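Quick notes on the structure that follows.
Nothing in this text is a laboratory measurement; each read-out follows from the coordinates by a stated rule. In this text the structure is predicted, and so the values were computed from the model without any measurement. With ideal geometry, Cβ positions are generated from the backbone for all residues, glycine too; neighbour counts draw on all protein chains shown.
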Amino acid sequence: RDFPCEDLSAANCIDAHFVDGKTYRLAIAVNGLIPGPTLIVNEGQEVIINVENRLASEGISVHWHGMHQINTPWMDGVGLVTQCPINPQSSFRYSFKATPSGTFWYHSHTGAQRTDGLFGALIIRENSSREETIRQELNRFGIGQFEDLPNQHTLTLLDWQQEASLDLFTQLSTSGFYTDIPIGQVPNPADTPYDETKSYDGSGVGSVPYFSGIINGLGRHIDVSYIQTR
């Protein structure tokens, strides 16, 4: 069915439909999408991407993960290292050569914006000679017809929390996590902080409670109810 929020121009967008279908929280989208749109270019092609920051108060930068950036290190997109962050209501043009070929991704390299939704897939398709080499290798193993359709066969995953990543980072760096009090409530000395999440073999996973380690809530779970996850 149609949702009022699937059109960014809709004035009656009042219902929140986020990626897990359960939480309402701040997020960052790329062209209205989480994950951002999959970018597919050819190996050796000059890539030109205009990035406009429409956030209200945060600077951003975009790192093109896996790109060697030979002769263009200033296009690597690491905020406060290879460039100044793109200020709110400002834009920046990235220009670099697409190399090497393969399946990569792009993501924010400023603050905790990556886990708030500012990321997406980056596919560099092989040049004709490289593609022919791949086909010959596949034929050696009895794989005949092969059609590369990254626009249909690309799966992008993200850790998703109930709270904005910056809020989560602040808790982790200061008071810690308290699963027995409501989110946002200041703990008192009588409250017991959450220790750590453990896997089935007893090894430590991290200090953040989680509900599912698989996809869309399907798979193995530990004994932490969803409402208590972060």
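Okay, here's what the table says:
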{"read-out": "Rg/Rg_globular for segment 36-192, with Rg_globular taken as 2.2 N^0.38 Å and Rg from C-alpha atoms", "value": "1.37"}
{"read-out": "Loop-located GluC sites (Glu not before Pro) in segment 101-166 whose Cβ has at most 11 other Cβ within 10 Å (DSSP)", "value": "147"}
{"read-out": "Relative packing of 35-41, 108-114, which averages over residues the other C-beta atoms within 10 Å, highest first", "value": "108-114, 35-41"}
{"read-out": "Orientation-averaged projected area, Cα convex hull of segment 32-92 (nm²)", "value": "4.8 nm²"}
